1. For the pair LEU54/ASP72, report the inter-label distance in nm, with labels modelled 7 Å from Cα in the Cβ direction.
2. Over the Cα atoms of the range 74-141, Rg to Rh with Kirkwood Rh, two decimal places?
3. Where does each of MET28, MET152 land when they are ranked from fewest to most other beta-carbon atoms within 10 angstrom?
4. What does the charge count near LEU132 come to, summing +1 for each Lys or Arg and -1 for each Asp or Glu among other residues with Cβ under 14 Å from its Cβ?
5. Using the 10 angstrom Cβ neighbour count as an exposure proxy, how do TRP81, TRP126 rank, fewest first?
6. Please report the orientation-averaged projected area of the range 2-138, defined via the convex hull of its C-alpha atoms, in nm².
7. Going by Cα centres, the range 26-77 and the range 103-133 are how many Å apart?
8. Under 5 Å between amide hydrogens, which residues at least 5 positions from ASN53 or on another chain qualify, with H placed 1.01 Å from N in the peptide plane?
Amino acid sequence: MRSIIKLFKVLNSNQHPGQVALSLTLGMLLGLTPLFFPHTLLTIFLIMLLRVNLSALLVAWALFTGFAYAFDPLFHQFGLWLLNHPELVSLWTEWYNNAFWRFMAFNNTIVIGSIVVAYVMALPFWLLSWLLIRIYRKRFVVWVNKFKIVQMLKMTDKAGLLSKVAG
């Protein structure tokens, strides 16, 4: 629940929509692809190198991890299709004979299927997230702030701050 509250704070903050969208996209990449494989190091390197919002990243990671379990059979089928595609078999054979590509575990159907799908979806997802964040900030922030629950959450934050200052 705290992560979702932090996400709404990020959406309402002055942080650039592109940075928030990048955080969501990197969370999507972590969530859709299997975690304990070498390609995850690339995503973690990007997280450390770029300025990302960890709250948005963690919420997206949790959300897309749930989607990944649901879509694993599709990732498997797509990976199987890629690995058995007649025009690519010689490429896969050549790569498998190279120690680096064998280490990357591309011959696992779920790994290759989910990596290809996630990285192909990354740019469109970033653009869609960026657009939706801009629309949200332009049209819906005032409307969302009128909800009683949002006002109560804002008051609890202020009360917590006052108790820290007074205490």
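1. The modelled label-to-label distance comes out at 2.8 nm.
2. Using only Cα positions, Rg/Rh for the range 74-141 is 1.25.
3. With the sparsest Cβ surroundings first, the list reads MET152, MET28.
4. +4
5. Placing the least packed residue first, the sequence is TRP81, TRP126.
6. 8.9
7. So the separation of the two Cα centres works out to 9 Å.
8. SER23
Laboratory data are not the source of any read-out in this text; all were calculated from the coordinates shown. Since the structure is predicted, the reported quantities are computational estimates derived from the model, not experimental observations. Please note: Cβ atoms are built from the backbone with ideal geometry, for glycine as well, and neighbour counts cover all protein chains shown.
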